[in-house]
Amino acid sequence: MKKWLPFLELGPLHQQISNELEKKFKEVLRAGIFSAGKEVALLEKNTGKLLKVPYAIPCSNGTDALELALAALGIGYGDEIIVPALTWISTAEAVVNMGAKPVFCDVDQWGLLDVSEAEKLITNRTKGLIPVHLYGKMVEMKGLLNFAHQHQLKVIEDAAQAFGAFQQGKSAGTFGDIGCFSFYPTKNLGALGEAGLVITKSNDLAERIRLMLNHGQSERDIHELVGRNSKIDTLQAAFLNVKLRHFTSWQNIRKRLASLYLEELKEMKALQLPHHILEADHTAHLFTIRSDQRDALKAYLKNQGIGTAVHYPASLPKTKAFYNSSSFPRAEEISRTTLSLPLHPHLKEEEVIFICSKIKDFFNRSKKEGL
Ligand SMILES: *Cc1c(COP(=O)(O)O)cnc(C)c1O
């Protein structure tokens, strides 16, 4: 066993495919095309096919993907958008950056936007909502869409953690008006830098998004509207095309390791295990457990050489950036109790067993000490 088991290590993961990546880098270097070009076109085709969606538009990162989605739907000053209180900051940040107001909604016991709580947040300014498929687990989209239709709300799915999740045979991001993905290096499909993707079934929205992410240009020097620069790097598109070849087998490893964790930890009454992580509508992006003794457990595991992470230590309304005095009890409880264990495609089965044995040791010890 290694001395230190980090939460996530991107070096060894890419070591396995370094020949393919280096070959691709040389190709791009030789071609001398670093913006747009055939690798970007290929990424569009590859992701569109995998996600079974007509328009898949690569862009600079997941946060820009959300901003492009909001702008394409005409959301801006004076509009209110409902967002979950527990998510990565981008979800609410994008709303503010587009001039609109994020309205925080508490989450359900699994950390997903609670539609039954959203009802009381509706005002005549509410224009849309952004469900987040947190940890890789999709929000139940049928119920959410019913709610959205009832109130004539636009739906942008923040699927940054859900690339490869399917509910009733449909990919995350294809239920709402627009779906947004991130290829940040730590995501299930990560670039070797920053990148993102916007998907939609609407030809009109796809056209607007394409224009907007490239200075409103329909062709060189013809500017149809005031846009921005949110283009993907050709090099990142090329690396993603290489990594996509391995995506399915890496996902299978994640699922196998997740199932081993569940098996090893199933007797642990003191822990709450992740919800439906083996189902098709969960990418097993993060393996999150919950415990009232989270901080002590995290410190104990660190001492035993095991790295863990917390997603997220504060709900967004309790960060300085968004401070809001109302209470969001479930989001706050999850941020106090949640712990993410290592789960990535080059983690070994014996390492999972080792991690679980240390978790059991922690709880046996605290029982003995009467904690
Ligand atoms: C990673 C992430 C984003 C943002 O993606 P970037 O590519 O880092 O900008 C947005 N929302 C969620 C839920 C994320 O996890």
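Descriptive notes on the structure:
- Some residue of the range 218-225 being surrounded by 16 or more Cβ atoms within 10 Å (Cβ to Cβ) and at pLDDT 95 or above: no
- Screening R208 against (1) touching a residue at least 60 places away in the same chain (Cβ under 8 Å); (2) closer than 28 Å to T338 by Cα leaves a single unmet condition, (2).
- Condition met for D106 (away from the ligand (no atom under 11 Å from the Cβ), of a type in the set (D, E) and at pLDDT 95 or above): yes
- Search result, residues across the range 119-134 that are within 16 Å of the ligand (Cβ to nearest atom) and of a type in the set (A, V, I, L, M, F, W, C): L129, I130, V132, L134
Table: residues versus (1) away from the ligand (no atom under 16 Å from the Cβ); (2) more than 11 Å from the chain's Cα centre (by Cα).
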{"site": "V155", "(1), (2)": "no, yes"}
{"site": "Q168", "(1), (2)": "yes, yes"}
{"site": "G176", "(1), (2)": "no, yes"}
{"site": "K187", "(1), (2)": "no, no"}
{"site": "A195", "(1), (2)": "no, yes"}
{"site": "K201", "(1), (2)": "yes, yes"}
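Residue by residue, here is whether (1) surrounded by 14 or more Cβ atoms within 10 Å (Cβ to Cβ); (2) closer than 20 Å to W88 by Cα holds:
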position	(1), (2)
H311	yes, yes
T319	yes, yes
N324	yes, yes
E332	yes, yes
P345	yes, no
K348	no, no
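- Among the conditions (1) more than 16 Å from the ligand (Cβ to nearest atom); (2) of a type in the set (S, T, Y); (3) under 16 Å from A71 (Cα atoms), the only one that T234 does not satisfy is (3).
- Restricting the range 271-303 to residues that are surrounded by fewer than 16 Cβ atoms within 10 Å (Cβ to Cβ) and more than 23 Å from the chain's Cα centre (by Cα), the residue that is nearest to L189 (Cα to Cα): K302
Rundown of residues vs (1) under 30 Å from F322 (Cβ atoms); (2) surrounded by 23 or more Cβ atoms within 10 Å (Cβ to Cβ); (3) out of contact with any Cys (no Cβ under 8 Å at 6 or more places or on another chain), yes/no style:
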residue	(1), (2), (3)
L42	no, no, yes
W88	yes, no, yes
T91	yes, yes, yes
K101	yes, no, yes
C105	yes, yes, yes
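- Output for the range 16-40, where each listed residue is at pLDDT 95 or above, closer than 17 Å to R245 by Cβ and surrounded by fewer than 18 Cβ atoms within 10 Å (Cβ to Cβ): I17, S18, N19, E20, L21, E22, K23, F25, E27, K38
- Conditions (1) within 15 Å of the chain's Cα centre (by Cα); (2) β-branched (V, I, T); (3) loosely packed, with under 15 Cβ neighbours inside 10 Å; number of the one not met by V132: (3)
- The single residue among A92, A118, A71 that is in a helix (DSSP H, G or I), hydrophobic (A, V, I, L, M, F, W, C) and more than 30 Å from K231 (Cα to Cα) turns out to be A118.
- Residues that are closer than 18 Å to A195 by Cβ, under 27 Å from the mean Cα position of the chain (by Cα) and not in a strand (DSSP E or B), drawn from the range 9-36: L10, L13, H14, I17, E20, L21, K24, F25, F34, A36
- Residue match in the range 141-150 (condition: farther than 12 Å from H282 by Cα, part of a loop (DSSP other than H, G, I, E, B), more than 16 Å from the chain's Cα centre (by Cα) and away from the ligand (no atom under 16 Å from the Cβ)): no
- Selection count, the range 18-63, where residues are within 16 Å of the ligand (Cβ to nearest atom) and either in contact with a helix residue (DSSP H, G or I) (Cβ under 8 Å, 6 or more places away or on another chain) or farther than 25 Å from W88 by Cα (or both): 8
The values are calculated or read from the model by the stated rules, or taken from the named source; none is laboratory data. Note that the structure is predicted; figures quoted are calculated from it, not measured. Cβ: placed from backbone, ideal geometry, glycine included. Neighbour counts: every protein chain shown.
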